[in-house]
Amino acid sequence: MYSFLKNNIFSISLGTTLSKFAGLLRQIFIAAMFGVGVAYDAYNYAYIIPGFLIIIIGGINGPLHNAVVAVLTPLEERRARQVLQNIIIRITLLLFIISLLIFFNAELIINIIGPNLDEETKLIAARQLKILSPCIPLSGFNGLSYGALNSKNKFFTSSISPIIVSIVTIIFISIYWFFNLKNQIFNNLFYAELLSLATLAGTFIQTIIQIYETHKIGLIKFKFNLKKSFSEETRIFNLIIPASFSSGLGQINVFIDMFFASSFKGAASGLAYGNFLIQAPLGILSNALILPLLPKFSELINKKNNQKLNKILITSIEYCLLATFSLTGFFICFNDLLVDLVFQRGAFNIQSAILVRNILIAYALGLPAYLFRDLLVRLYYSIEETRLPFNLSIYGIGLNFLCDW
C-alpha cells in the first residue's frame, strides 16, 4: 500500500494542487469582477446541466472515468483500444444529441431550473446555456480519456487537466479589463457571456490535449471505425448509468438547492463561492488518496486477493477521516478570515462576505461523510456492484428535496 501510493501520490498531488491553485485564482478574478451579482447568478444556473456533465460525468473520478479504469485495467492494449474507441463513438454521439436538445430548449430549461428568477437573469442564463452546450459532448470524451490514462497508471495529465479552463477564464477576464481601461466603447460588451465563452474555449483546448495524450499511449487511433461489440462495453455501460446518480449526488442536490434558492437574489453566487472553498482542498485529498486506489482495487479484485484489498481499504478509510475532520475544524474556526482573504475585493463587498461565511460553515460539516462516501463508491465500482450506491443516492436526493422544501 505504502509503495504503491508513494509511486503515484506525488504526481497526482502536484497536478491537482496546481489545478486547484489556478481555480482559486480564477475565483478571485470572478469575485472581483462579478461579486454576488446578476451575471454570475445567471452563469451558475446556466452551468448546472453542462457542469453536471463536465465535472461529474466527464470529470476525474466521474462515472465514465471510473468505469473505464475498472474495465480496461486488466485488458491488453489492443483489446483495450478497441473497447475504448467503440465507447467513445457511442457516448460522444449520445451527448451530442443531448447538447442539441439543450441548445434549442435553453429558455425552457432555465425556467424549470430557476422558476423564481427575475426576467433579466433568465435571459442571460439562457444565452449562457446555449454557449455552454457544446461542452457536453467534449466532456464525455474527456472523462473517457481520463479513465484510459489512469488505467495505464498515467495520473499527472488527468490531474492537471482542469487547470486549462481556469487559465483561459483568467485570460478572458484580464483581456476584458484591459480593453475597458483603454476604450470605454467595450464597456459591458460580452460582460454577461464572458464566463460561458471562457468555459467553452477552455474545455475545447482540454479535449485537444486529451486526444494527444491518449493517442500517445496507444489507446486511441485516428482511424475511427465502429467495430463489433465487446462484453467489456456492456460492463462499462452497466456501471455508467447508476454510477452517474451515485457520483452526481452532490451535483443533483445542488440543482435542487438552486431550484429552491431562485427566489433569493445572490444565493446562486454565494453557494458557488462557498462550494469552491470546500471543493478545492477536498479535490486534492480525493485525487491524492482515492484516484490511485481505483486501478489497484480492480487489480486485486481480478486476482481475488481479498485479504490485501481489505487491508488497503481500512488504511484508506483512516487517512480519509483523519484529513477531513481536520479540514472541518479549520473551516469552522477560520471561515471569516478565509472568505475575506480570498474574495473580499472589487465587486465582492461585506454583504457578500457574510453570506458566503455562513454557507461555508454549513458545507464544512459534511466534509468527512463526503470523502468517506467517495471512497466506498469507488470500491463498489471496482467490484462492478452499483445497486447499493444507486439506491442510497436516490434516498439522499429525496431527503435533500424534503429538507429544502
Quick one: how many residues across the stretch 63-97 are under 21 Å from Leu376 (Cα atoms) and hydroxyl-bearing (Ser, Thr, Tyr)? 1
Whichever residue in the stretch 328-340 is over 14 Å from Phe276 (Cβ atoms) and aliphatic (A, V, I, L, M) and, among such residues, is most open to solvent (accessible area, probe 1.4 Å): Leu337
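For the structure I just gave you, tell me whether Tyr395 is out of contact with any His (no Cβ under 9 Å at 6 or more places or on another chain), of a type in the set (Phe, Trp, Tyr) and either open to solvent by 20 Å² or more (accessible area, probe 1.4 Å) or over 19 Å from Leu300 (Cβ atoms) (or both).
On the way: out of contact with any His (no Cβ under 9 Å at 6 or more places or on another chain): yes; of a type in the set (Phe, Trp, Tyr): yes; either open to solvent by 20 Å² or more (accessible area, probe 1.4 Å) or over 19 Å from Leu300 (Cβ atoms) (or both): yes.
It is true that Tyr395 is out of contact with any His (no Cβ under 9 Å at 6 or more places or on another chain), of a type in the set (Phe, Trp, Tyr) and either open to solvent by 20 Å² or more (accessible area, probe 1.4 Å) or over 19 Å from Leu300 (Cβ atoms) (or both).
Suppose the filter is assigned to a helix (DSSP H, G or I), in contact (Cβ under 8 Å) with a residue 40 or more places away in the chain and surrounded by fewer than 13 Cβ atoms within 10 Å (Cβ to Cβ); does Gln307 pass it? Give the steps one after another, and end with the answer.
Numbers: assigned to a helix (DSSP H, G or I): yes; in contact (Cβ under 8 Å) with a residue 40 or more places away in the chain: no; surrounded by fewer than 13 Cβ atoms within 10 Å (Cβ to Cβ): yes.
So Gln307 does not fit the description; no.
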For the structure I just gave you, tell me whether Phe372 is in contact (Cβ under 8 Å) with a residue 40 or more places away in the chain, open to solvent by 40 Å² or more (accessible area, probe 1.4 Å) and under 23 Å from Leu282 (Cα atoms). yes
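Give the number of residues within the stretch 10-21 that are closer than 16 Å to Val165 by Cβ and either without any contact (Cβ under 8 Å) to a residue 12 or more places away in the chain or crowded, with 19+ Cβ neighbours inside 10 Å (or both).
Taking the stretch 10-21 first, the residues closer than 16 Å to Val165 by Cβ are 15-16, 18-21.
With the extra rule that they be either without any contact (Cβ under 8 Å) to a residue 12 or more places away in the chain or crowded, with 19+ Cβ neighbours inside 10 Å (or both), the set shrinks to 15-16, 19-21.
Of the residues in the stretch 10-21, 5 are closer than 16 Å to Val165 by Cβ and either without any contact (Cβ under 8 Å) to a residue 12 or more places away in the chain or crowded, with 19+ Cβ neighbours inside 10 Å (or both).
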Would you confirm whether any residue within the stretch 293-301 is assigned to a helix (DSSP H, G or I), modelled with pLDDT of 75 or more, under 26 Å from Phe52 (Cβ atoms) and of a type in the set (A, V, I, L, M)? no
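Where in the stretch 112-212 are there helices (runs of 4 or more DSSP H), lying wholly inside it, with at least 1 residues that are buried (at least 24 other Cβ atoms within 10 Å of the Cβ) and either in contact with a strand residue (DSSP E or B) (Cβ under 9 Å, 6 or more places away or on another chain) or modelled with pLDDT of 80 or more (or both)? Reasoning before the result, please.
Working: elements: 119-132, 135-151, 156-160, 163-182.
Per the criteria, 119-132, 135-151, 163-182.
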Can you name the condition, by its number, that Leu322 falls short on among (1) in contact with a Gly (Cβ under 9 Å, 6 or more places away or on another chain); (2) open to solvent by 30 Å² or more (accessible area, probe 1.4 Å)? (1)
Search result, residues across the stretch 22-55 that are in a helix (DSSP H, G or I), β-branched (Val, Ile, Thr), modelled with pLDDT under 85 and crowded, with 24+ Cβ neighbours inside 10 Å: Ile54
Identify, please: which residue in the stretch 66-89 is open to solvent by 50 Å² or more (accessible area, probe 1.4 Å), touching a residue at least 24 places away in the same chain (Cβ under 8 Å) and outside any loop (DSSP other than H, G, I, E, B) and is, among those, nearest to Pro50 (Cα to Cα)? Ile89
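The values are calculated or read from the model by the stated rules, or taken from the named source; none is laboratory data. None of the values given here were measured: they were computed from a predicted structure. Because the Cβ atoms are built from the backbone with ideal geometry, glycine has one as well, and the counts that use them run over all protein chains shown. When the accessible area is computed, the model is the full protein with side chains, heavy atoms only, and any ligands, DNA or RNA have been set aside. Shrake-Rupley method; radii C 1.70, N 1.55, O 1.52, S 1.80 Å.
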